[in-house]
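Here's the structure, in structure tokens; my notes come after.
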Amino acid sequence: MSAQPTLPTICKTNHLPLEEFTSVISLLFEPTALLTQRIHDACPYESYDQLLDKAGELIKELSPLEQLEVVNAHPRIGESAAKLSALSKIEQGNASANEDAVLAKWAELNRAYEDKYGFRFVIFVNGRSKESLFPIVEDRIANSSKNQELATGLSEMVDIARDRARKLLAANPASGAPSPKI
């Protein structure tokens, strides 16, 4: 069993070379060189909250093609465990009794969503079961627009990153992060 990843203090993060900074940002967001470079270029930050606020601003400044690159860095819900980061595996939860049917339904919904919008469905799972998200994605497929979905997916990614930072910092008091602010 691998150890839970940890975040360095924000002070240390501010001074990391890009390669090491990338490892930190990849814990919060799924790996995306474009966004990581922009966040790195905007250092220093006083807190992870400030870093994530800036990430949200930077995402909005990206071109539509760049935004697609960022949102598509996020794994699909129901993706094979081999394709998920350690934190995504935890967030997507344990297998249910009818896991094969659930994964088949997610494959169908992901395909329908990507066929309609051209990018991956992203939602802040926040401890909900994969099955409980079916009505949400079905509604978003039926009742949304590409621009609205892209903005929603990118916003959800920042929410996911903020939740990851909060949990990682809470698990490692040595990081020196005051609570609850990250």
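Just so it is clear, none of the values below were taken in a lab; they were calculated from the coordinates. Source: prediction; values computed, not measured. Ideal geometry is used to build each Cβ from the backbone, glycine not excepted, and the neighbour counts take in all protein chains shown.
Structure summary
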quantity: Residues LEU65 and GLU108, FRET efficiency given R0 of 30 Å [Cβ-Cβ distance, rounded to 0.05]; calculated: 0.65
quantity: Whole-Hz ³J(HN,Hα) from phi, Karplus 6.51 cos²θ - 1.76 cosθ + 1.60, for the range 150-161, glycine and proline x; calculated: 5, 4, 5, x, 5, 5, 4, 4, 5, 4, 4, 4
quantity: Label-point separation in nm, ALA101 to LYS116, each point 7 Å along Cα→Cβ; calculated: 2.3
